[in-house]
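Peer 1: One structure is given below, represented as structure tokens, and several questions about it will come after.
The values are calculated or read from the model by the stated rules, or taken from the named source; none is laboratory data. Fair warning: this is a prediction, and the values are worked out from it, not measured in the lab. Heads up, the Cβs are rebuilt from the backbone with ideal geometry, glycines too, and the neighbour counts pull from every protein chain shown. These area figures cover heavy atoms from the full protein model, side chains too; ligands, DNA and RNA do not enter into them. Shrake-Rupley method; radii C 1.70, N 1.55, O 1.52, S 1.80 Å.
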Amino acid sequence: MICYSLTRMRPALLSLCAAAVVTIGMAGTEANAQSRRQQRDDARTCAGFGNSFGTRAYSECMRDQQRRRDFKERDTLEKMALTSQIAKDGQIMAERARRQRCDRNPDRRECRR
């Protein structure tokens, strides 16, 4: 009985796995393409500063560009976390105020849940 149901489900499972592999592959390809674009942009920036490929100054410039990008991403994530915390605190304060209004006057429309 179990073998029969697995046999019937096999094509669906194979299709699902194939779709997952394609989706993951496309996401990885996009991330690699973006990384290559960033490296090309960094190389142009460093070359624009007058640094030649293979020199110590060029390597330091590339490192600095990566560090700048990493700091920017970290700052963005910190701002998002702060915004999320502010929103959560606002919801808590609004709920607390609603409860206080309901405690004072339980006949309010917002208190009849």
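Peer 1: Within the set of pairs 6+ apart or on separate chains, which have a first residue in the range 59-81 that is basic (Lys, Arg), a second that is in a helix (DSSP H, G or I), and C-beta atoms under 7 Å apart?
Peer 2: Filtered contacts from the range 59-81: 69/38.
Peer 1: Would you mind stating whether residue 85 is at pLDDT 90 or above and either touching a Ser or Thr at 6+ places or on another chain (Cβ under 7 Å) or open to solvent by less than 100 Å² (accessible area, probe 1.4 Å) (or both)?
Peer 2: Working: at pLDDT 90 or above: yes; either touching a Ser or Thr at 6+ places or on another chain (Cβ under 7 Å) or open to solvent by less than 100 Å² (accessible area, probe 1.4 Å) (or both): yes.
Spelling it out, residue 85 is indeed at pLDDT 90 or above and either touching a Ser or Thr at 6+ places or on another chain (Cβ under 7 Å) or open to solvent by less than 100 Å² (accessible area, probe 1.4 Å) (or both).
Peer 1: Which condition number does residue 107 fail, the rest of (1) of a type in the set (Asp, Glu); (2) in a helix (DSSP H, G or I); (3) open to solvent by 60 Å² or more (accessible area, probe 1.4 Å) being met?
Peer 2: Every listed condition holds for residue 107 apart from (2).
Peer 1: Within the range 53-63, can one find any residue that is loosely packed, with under 10 Cβ neighbours inside 10 Å, charged (D, E, K, R) and either touching a Phe, Trp or Tyr at 6+ places or on another chain (Cβ under 8 Å) or assigned to a helix (DSSP H, G or I) (or both)?
Peer 2: Going residue by residue through the range 53-63, those that are loosely packed, with under 10 Cβ neighbours inside 10 Å are 54, 56.
Then drop every residue that is not charged (D, E, K, R), which leaves 56.
If we keep only those that are either touching a Phe, Trp or Tyr at 6+ places or on another chain (Cβ under 8 Å) or assigned to a helix (DSSP H, G or I) (or both) as well, we get 56.
There is at least one residue in the range 53-63 that is loosely packed, with under 10 Cβ neighbours inside 10 Å, charged (D, E, K, R) and either touching a Phe, Trp or Tyr at 6+ places or on another chain (Cβ under 8 Å) or assigned to a helix (DSSP H, G or I) (or both).
Peer 1: If I ask for residues that are under 23 Å from the mean Cα position of the chain (by Cα) and basic (Lys, Arg), which ones from the range 44-99 would you list?
Peer 2: Matches in the range 44-99: 67, 68, 69, 72, 74, 79, 88.
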